[in-house]
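What follows is a short report on a single structure.
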Amino acid sequence: MPKKKKPRGHPARHAQALSPTSQMSPLRAGGRVLGDLQIEFRRFLEAELEQDGPDEEVMPVEDVEARLMESLGWFALSFELDLVPATARRFAPADLAELFTEIVPSVAEHNELDPQELVDETRLAWTSYLMFLGESEQWAGEPEELADCLDVASGGVGGAASGQAGVLDALAEAEAKVPLADRYADLRALPVVQGFLAAFDELAAGVDLRGAELAESPAVDVVRGKLSDVHEVDPVALVLDLAANGSLTVDGDRTVIADADDLERRYQVATFALAAVVTGVLASTSSPAAIVGALTVVTSSVLQPMTSAELRGFLEDSGDAAEFEVTAGRVARLVELGVLSPVEPWTARPGFAGAVLDVVDGFFRPEEEPEQEVQQAPQEG
């Protein structure tokens, strides 16, 4: 694609860029960057349809073509690209992921459309187009890039979990791939994390404990007030955990947090907060199968995203099909909190990988056996 004029923006800017007041319609913008490729793409679609035969469930050729052109326009206008004709021959997997998880849902919300339906149609159009670029040798990038883009378009994340020793290693690698500032920005964009960071800053400024024990002090009230909408977390446990890991101390009956403005410290605290929220949501059901199912969705969200059909199949394979509704309820709650994307396959921002790692580690880490007290045998006589 043409060179970007400016860095990407927040999803709110996507809706603004795609509003009726835009200088060029998305359909026209997409048609321009598609250029002469449009004719060849249509022939490709018609050949595929002729080979496979008619199918009422498949989008008509003209609908696939129109959805591609329009979504190319959403893509180009959102990223503020130069609209150079016939340049839609190379894309970055990360940009396509943003198209499906942020741009298209924003368009759907802006136009009062069904976001899931619009995402599904857009994925189909892009999968067809990427296959066309590959088979016609029009792809301008490396073959590996095309494979990754196809994986993203079809609902995966190219190669994220392949060839890795285990889930924890995969999550650790996913976390390390994202720069610290970007990880923190992803976390900071989440309302529940914003609330906890606001409480963190208030504790750092100093809260008078009024002679009370930490678990019963105004420090707990500060956290409770900032997370009043998240009933799955325990403010007392959060405060005590902050104290246990050394982030929070007490000096002269007032709370103290050292280096509260340090980026690494703030990232760790934001990660801790998100992990606590996700853990609380998962643990709010008494069904072990539902916990494992929802945890699988959360883990997959940053590695190889799942759909509801895949979740159902996962539960059926483990003999827990009856737990699907309960599991889906926990997933829906995470969507409501903004942890997971509102459209399938469920994805999470790359910066969440560290928090997901902590959640998985917390659920499956072997519990340490308590040290046995060595009692001296009584002496006889």
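Some values worked out for this structure:
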item	result
Answer residue from segment 174-223, given it is without any contact (Cβ under 8 Å) to a residue 12 or more places away in the chain and within 21 Å of A355 (Cβ to Cβ) and is surrounded by the most Cβ atoms within 10 Å (Cβ to Cβ) among those	Q194
Residue among L118, L124, L146 that alone is touching a residue at least 60 places away in the same chain (Cβ under 8 Å) and either outside the structural domain of Q304 (by the TED database) or not in a helix (DSSP H, G or I) (or both)	L124
Inter-residue pairs, beta-carbon under 6 Å, first closer than 24 Å to E117 by Cβ and in segment 71-100, second open to solvent by less than 40 Å² (accessible area, probe 1.4 Å) and polar (S, T, N, Q), 6+ apart	S71/T122
Condition broken by A237, with the remaining ones in (1) without any contact (Cβ under 8 Å) to a residue 60 or more places away in the chain; (2) not in a helix (DSSP H, G or I) satisfied	(2)
Checklist (1) part of a helix (DSSP H, G or I); (2) farther than 30 Å from S217 by Cβ; (3) at pLDDT 90 or above applied to A199, failing item	(2)
Failed criterion for R333 (all others in (1) closer than 24 Å to T271 by Cα; (2) not in a helix (DSSP H, G or I); (3) not β-branched (V, I, T) hold)	(2)
Those helices (runs of 4 or more DSSP H) lying entirely in segment 245-326 with at least 2 residues in the same structural domain as G338 (by the TED database) and open to solvent by 70 Å² or more (accessible area, probe 1.4 Å)	263-283, 308-317
In segment 70-100, the residues that are in contact with a helix residue (DSSP H, G or I) (Cβ under 7 Å, 6 or more places away or on another chain) and either part of a strand (DSSP E or B) or of a type in the set (D, E) (or both)	E70
F352 vs. criteria aromatic (F, W, Y), within 27 Å of D151 (Cα to Cα) and modelled with pLDDT of 90 or more	yes
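The values are calculated or read from the model by the stated rules, or taken from the named source; none is laboratory data. Small disclaimer: the values here were computed from a predicted structure and weren't measured. Using ideal geometry, Cβ is built from the backbone for each residue, glycine included, and neighbour counts are taken over all protein chains shown. What goes into the accessible areas is simple: the full protein's heavy atoms, side chains included, and nothing from ligands, DNA or RNA. Shrake-Rupley method; radii C 1.70, N 1.55, O 1.52, S 1.80 Å.
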